[in-house]
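K.L.:
Dropping a structure here in structure tokens format, bear with me for questions.
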Amino acid sequence: MTARSLLVRGMLVGVVGAALAFVFATIFGEPQIDRAIAFEDGHAMPGMAAPELVSRSVQSTWGLGIATVVYGAALGGIFGLAFAFAYGRLGRLAARGTALLVAATGFVAVYLVPYLKYPANPPAVGRSDTIGQRTALYFTMVLISAAAAVGAVLVARNLAQRVGGWYAVLAAVGGFLAVVLVAGQVLHPINEVPADFPATVLWRFRVASLGTQAVLWTTFGLLFGELTHRSLRRVRPLTPVG
């Protein structure tokens, strides 16, 4: 098996994961968006409503579906390459275990940590003049967290032979937490939730956003790992990349 085949497999798994995430988001996330839009419309000044370039029905169906599939395929391809790099370098972990570990690490580093600093917000939360700043801060946190995760993996791998796997993992996790905690304190906080915005809607929206990502990354770990495990039983062992 080659890195290219894993890239393609990751993209295909990403499409499947995106479809499942789309169903989850439609059931649990879209109702909260509708409530947030109703709140926004109820607080808009008469005659000040912005023109609707894309209808809400398109946004919640075709628009959401296409965006989710494209995102899932792209992220799945990256996941496939990350698996190709990690396989054979994580001790005795087989394909399924490696896929689960890569998925768990990716979920925590790419989504969960940045989410804890800058959680997702529904419509009516956030000012239009700060979109650029909020986007830059969020992706800065993503980059720091992802780089810290890669560094933690390399530290654990290098220390394992000297201090043992258990202490190597503890040192790596401690280093990762130290980096992201410092970054979380240094980066500018953002709190633009209106005082009268319904707390239940905000909470349910954020839980739905977290659940949507959890569905996607779980599919990566389970389905990609299972497909790769079965493939490796029919061909020669995968040669690590690099």
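Here, each number is a calculation from the coordinates, and none is a lab measurement. This one's a predicted model, so the numbers in the text were calculated from it and none came from an experiment. Quick reminder, even Gly has a Cβ in these numbers, built from the backbone with ideal geometry, and neighbours come from all protein chains shown.
K.L.:
For the chain, what does the helix formula give at 222 nm: sum of -39500 (n - 2.57) over DSSP H segments with n ≥ 4, over the residue count, nearest 500 deg cm²/dmol?
P.N.:
Computed ellipticity for the chain at 222 nm equals -22500 deg cm²/dmol.
K.L.:
Sort 182-188, 167-173 by packing, meaning the average of other beta carbons within 10 Å per residue, with the highest value first.
P.N.:
Order by mean packing, descending: 167-173, 182-188.
K.L.:
With Cβ to Cβ distances under 14 Å as the rule, what net charge do the other residues near N121 carry (K, R +1; D, E -1)?
P.N.:
Net of charged neighbours comes to +4.
K.L.:
Further question on the same structure: Diagonalise the Cα gyration tensor of region 127-192 and give the resulting equivalent ellipsoid semi-axes, square root of 5 times each eigenvalue, largest first, whole Å.
P.N.:
33, 10, 6
K.L.:
Remind me, relative contact order of region 127-192 in percent, using alpha carbon pairs under 8 angstrom and six or more residues apart?
P.N.:
Averaging sequence separation for qualifying contacts and normalising by length gives 39 percent for region 127-192.
K.L.:
Shifting gears a bit: Once fully extended, how much extra length lies between I37 and L116, figured as 0.36 nm per residue of separation less the alpha-carbon to alpha-carbon distance?
P.N.:
Full extension from I37 to L116 adds 26.1 nm.
K.L.:
With N set to the number of residues, divide the alpha-carbon radius of gyration of the chain by 2.2 N^0.38 Å and report two decimals.
P.N.:
The chain yields a ratio of 1.15.
K.L.:
While we're looking at this one, here's another question. Charges on Cβ only, +1 for Lys and Arg, -1 for Asp and Glu, centred on the Cα centroid of the chain; of G14, Q32, V207, which one is farthest towards the dipole's positive end?
P.N.:
Value computed over the given set: G14.
K.L.:
Obtain the nm distance between the two label points defined at F28 and H229 by a simple spin-label model: each point lies 7 Å from its Cα along the Cα-to-C-beta direction.
P.N.:
2.5
K.L.:
Mind listing the long-range amide H neighbours of L93? Cut-off is under 5 Å, sequence gap 5 or more, other chains count too, H placed in the peptide plane at 1.01 Å from N.
P.N.:
Those qualifying (amide H under 5 Å, at least 5 residues apart or on another chain) number zero.
K.L.:
Sorted by average packing, counted as other Cβ atoms within 10 angstrom per residue and highest first, what order do 139-150, 190-201 take?
P.N.:
139-150, 190-201
K.L.:
Based on alpha-carbon centroids, what's the gap between region 103-125 and region 168-215 in Å, whole number please?
P.N.:
6
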